[in-house]
Every structure is written in C-alpha cells, then in structure tokens.
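Okay, so here's the structure we're looking at.
The values are calculated or read from the model by the stated rules, or taken from the named source; none is laboratory data. Just so you know, these numbers come straight off a predicted model, no measurement behind them. Positions of Cβ are generated from backbone atoms using ideal geometry, with glycine treated the same way; all protein chains shown enter the neighbour counts.
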Amino acid sequence: MKLFVDCDSCPSQVREIIIKASERTKSPSFFVANHKIPHSTNAYTHDIIVEEGKDKADDYIVDHATERDIAVTRDILLAQRLVERKVAVVNDRGTQYTAENIRERVSIRNYMLELAQNGLKTEDVSSFGRKELYQFANAFDALVTRKLKEEKDES
C-alpha cells in the first residue's frame, strides 16, 4: 500500500496524520505538488515535485497509484480519474469517493462552477476545524485498516 497526497491544497494537520500513518504502517507516502510543501518527514515520506502546468500533479498520481493504494485529494476530477482506476480516494474532510458516488459529486461540482461563472454566489465551505480533521482521521484510518487487511488476506 502506498499513500498519495495531492498536496497543493491539503491542510498541514491532514499531512501530519498521513505522515504518522505512513510511519506506523511502514507504507511509503508521496506528497505530490509543483513546489515543495512543508511537512515533517520520516523514512517513508517522499516529496514528488512535478513541473508547472495544468494537472501535472494529478497526472503523476493517476500514473503511479494502483488499486492497492490510497489517495488524498479535494480535487473532484482527480478523484474521478482515480476511482475509475479502482484507487481508494478520500478528501481532507473524510468524504470517501467511490464508484457509487463520484458521478453525483462531479455533477454537483460542475453545477456549482456554472453558477459561479454566471456571477451567482455559492456557499463557501472553506472552514477547516477540529470536526473536519476528526472526520478525516476516522475515514483515513478506516481506509488504511481496510487496505492493510486486504494485503494480509492476499498473502
């Protein structure tokens, strides 16, 4: 199991949870962005700096993640690409994206984008606090536990 993080918009507290899980499970974690994002390190953390450009970090994650891995992103379109490849995906608020819910999430994203492009103000949900961090930690831990169990069952 490898952990992939779309690091550009990932809160520092979420990065720290991922780093601790990486060390605890001895699973490599890859923090992917087009510039260095500060975080603590251990023997299992790796920074992947991609070139500037639209979707370069996304493309790296899609090209390297497999169905044995977990990806953390708030980018719905990246999540869709990963779900299509059967990668487990969770956002920084603990929402897991699945084959059952990703189309609806993409549709909502597109609708909200269309409203914004037409000058209509949409609800801002940018606050990130203890509740969101707790929800992420629980969802991420459940995914890690499930993936480790799947690995054990396969061997």
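Condition test on Thr66, is it of a type in the set (S, T, N, Q) and within 11 Å of the chain's Cα centre (by Cα)?
So Thr66 fails the test.
Does Lys54 satisfy the condition of being more than 10 Å from the chain's Cα centre (by Cα), at positive phi and free of Cβ contacts under 8 Å to residues at least 40 places away in the same chain?
Spelling it out, it is not the case that Lys54 is more than 10 Å from the chain's Cα centre (by Cα), at positive phi and free of Cβ contacts under 8 Å to residues at least 40 places away in the same chain.
Being farther than 22 Å from Arg74 by Cβ and out of contact with any helix residue (DSSP H, G or I) (no Cβ under 9 Å at 6 or more places or on another chain) is the filter here; which residues of the stretch 20-46 pass it?
Answer for the stretch 20-46, where residues must be farther than 22 Å from Arg74 by Cβ and out of contact with any helix residue (DSSP H, G or I) (no Cβ under 9 Å at 6 or more places or on another chain): Glu23, Lys26.
Across the stretch 1-57, which residue is nearest to Arg81 (Cα to Cα) among those that are among the basic types (Lys, Arg) and either modelled with pLDDT of 95 or more or out of contact with any strand residue (DSSP E or B) (no Cβ under 7 Å at 6 or more places or on another chain) (or both)?
Selected residue: Lys56.
Do we find that Arg81 is over 19 Å from Glu150 (Cα atoms), touching a strand residue (DSSP E or B) at 6+ places or on another chain (Cβ under 9 Å) and of a type in the set (Lys, Arg) in this structure?
Against the criterion (over 19 Å from Glu150 (Cα atoms), touching a strand residue (DSSP E or B) at 6+ places or on another chain (Cβ under 9 Å) and of a type in the set (Lys, Arg)), Arg81 does not qualify.
Looking only at the stretch 46-71, filter to residues that are surrounded by 16 or more Cβ atoms within 10 Å (Cβ to Cβ) and among the small types (Gly, Ala, Ser); which one of those is nearest to Arg146 (Cα to Cα)?
Ala71
For the stretch 94-108: of the residues being among the charged types (D, E, K, R) and closer than 20 Å to Phe136 by Cα, which is modelled with the lowest pLDDT?
The qualifying residue modelled with the lowest pLDDT is Arg105.
Conditions first: (1) modelled with pLDDT of 95 or more; (2) in a helix (DSSP H, G or I). Lys86 passes all but one, so which condition is the exception?
For Lys86, the failing item is (2).
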